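Participant: Right, I'll just put the structure down here and ask away after.
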Amino acid sequence: MQISMSSTALGVSRRVLANFSHILELGEAHAAARKIDPLVLTGDRLAPDMFPLRRQVQIACDAVKNGLARIAGVDAPKFEDNETSFEELRERIRKTLAFVDTVPADRLDGAEDRAITFPSGKDSTRTLTGFDYLTSWMLPNLFFHVTTAYNILRHNGVDVGKGDYLLGAAARARAN
């Protein structure tokens with residue numbers, strides 16, 4: 001099997017976001033079991049200058065929807081960034097996954113050398129080839145923000161492990 005832009009971009013995005021939703025379910029269950037206000041967890045951060053968990057989810061979803069849209073040359077949906085609860089954050093992931101399912105694979109395949117110009121700060125842009133954008137920008141941003149959210153939950157005592165990050169609910173089901 002040959003690796004393509006579409007199989008990489010779509011497959012990885014689907015799997016990581018599905019596992020991310022599972023991790024958020026574990027965070028919500030932890031809050032309920034410990035009688036912790038869930039907004040405490042969704043508003044928590046690892047350091048004062050870092051974004052809270054809820055923003056990590058928003059940015060991870062944006063990395064996928066905006067990244068795929070840029071590569072495919074289609075419009076990305078706009079989300080309000082107003083989610084605060086675990087359910088709202090999982091709904092954002094569901095909406096992002098629904099968008100992923102609409103991105104035509106043939107618009108991604110062949111985009112390896114297409115110039116992708118994107119914001120890379122408040123007043124700056126960068127331009128990379130489609131392949132470099134996917135592998136050096138979009139996916140690393142997705143992984144960074146999912147990992148950071150995972151670490152926020154883990155730091156707060158949520159029983160989440162590497163299997164949940166890599167394999168999601170399937171790993172949890174096999175462990176039980």
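The values are calculated or read from the model by the stated rules, or taken from the named source; none is laboratory data. Since this is a predicted model, take the numbers as computed values, not measurements. Here Cβ is always computed from backbone atoms with ideal geometry, including for glycine, and neighbour counts include all displayed protein chains.
Participant: Can you confirm whether D123 is at pLDDT below 95, outside any helix (DSSP H, G or I), more than 23 Å from V40 (Cα to Cα) and not aliphatic (A, V, I, L, M)?
Facilitator: Answer is yes for this residue.
Participant: Being within 19 Å of G67 (Cα to Cα) and either in contact with a Phe, Trp or Tyr (Cβ under 7 Å, 6 or more places away or on another chain) or part of a loop (DSSP other than H, G, I, E, B) (or both) is the filter here, so list the residues in region 134-151 that pass it.
Facilitator: Residue satisfying the conditions is V146 alone.
Participant: What are the residue pairs meeting all of these: first residue in region 17-31, first residue closer than 18 Å to T96 by Cβ, second residue buried (at least 20 other Cβ atoms within 10 Å of the Cβ) and among the acidic types (D, E), Cβ atoms under 9 Å, and 6 or more apart or on different chains?
Facilitator: Every condition considered, the pairs that remain are N19/D164; H22/D164; I23/D164.
Participant: Keeping to region 136-166, report how many residues are without any contact (Cβ under 8 Å) to a residue 24 or more places away in the chain and under 28 Å from K35 (Cα atoms).
Facilitator: Summing the residues that are without any contact (Cβ under 8 Å) to a residue 24 or more places away in the chain and under 28 Å from K35 (Cα atoms) in region 136-166 gives 5.
Participant: Here's a follow-up. Would you say L128 is among the hydrophobic types (A, V, I, L, M, F, W, C) and farther than 24 Å from H22 by Cα?
Facilitator: The answer is yes for L128.
Participant: Please tell me if S136 is touching a Leu at 6+ places or on another chain (Cβ under 8 Å) and more than 30 Å from A29 (Cβ to Cβ).
Facilitator: yes
Participant: Scan region 141-155 and give yes if some residue there is aromatic (F, W, Y) and modelled with pLDDT under 95, otherwise no.
Facilitator: no
Participant: Another question about this same structure. Please state which one of L24, L46 is surrounded by fewer than 20 Cβ atoms within 10 Å (Cβ to Cβ) and among the aliphatic types (A, V, I, L, M).
Facilitator: Of the residues listed, the single one that is surrounded by fewer than 20 Cβ atoms within 10 Å (Cβ to Cβ) and among the aliphatic types (A, V, I, L, M) is L46.
Participant: Considering F131, F99, F79, F86, which residue is at pLDDT 95 or above and in contact with a Ser or Thr (Cβ under 7 Å, 6 or more places away or on another chain)?
Facilitator: F86
Participant: Which condition from (1) surrounded by 15 or more Cβ atoms within 10 Å (Cβ to Cβ); (2) of a type in the set (A, V, I, L, M); (3) more than 17 Å from H145 (Cα to Cα); (4) within 18 Å of the chain's Cα centre (by Cα) is the one that V57 breaks?
Facilitator: For V57, the failing item is (3).
Participant: What single numbered condition from (1) touching a residue at least 24 places away in the same chain (Cβ under 8 Å); (2) over 12 Å from the mean Cα position of the chain (by Cα) fails to hold for A47?
Facilitator: Going through the list (1) touching a residue at least 24 places away in the same chain (Cβ under 8 Å); (2) over 12 Å from the mean Cα position of the chain (by Cα), A47 breaks only (1).
Participant: In addition: Mind listing whichever residues of region 27-39 are surrounded by 18 or more Cβ atoms within 10 Å (Cβ to Cβ) and farther than 15 Å from E88 by Cα?
Facilitator: Hits for region 27-39 are H30, A31.
Participant: Identify all residues within region 76-134 that are among the small types (G, A, S) and in contact with a Lys or Arg (Cβ under 7 Å, 6 or more places away or on another chain); write none if there are none.
Facilitator: Those that are among the small types (G, A, S) and in contact with a Lys or Arg (Cβ under 7 Å, 6 or more places away or on another chain): A76, S120, G130.
Participant: Next up: Taking the residues in region 152-162 that are surrounded by 15 or more Cβ atoms within 10 Å (Cβ to Cβ) and assigned to a helix (DSSP H, G or I) as candidates, determine which candidate is farthest from the chain's Cα centre (by Cα).
Facilitator: Going through the qualifying residues, I end up with R154.
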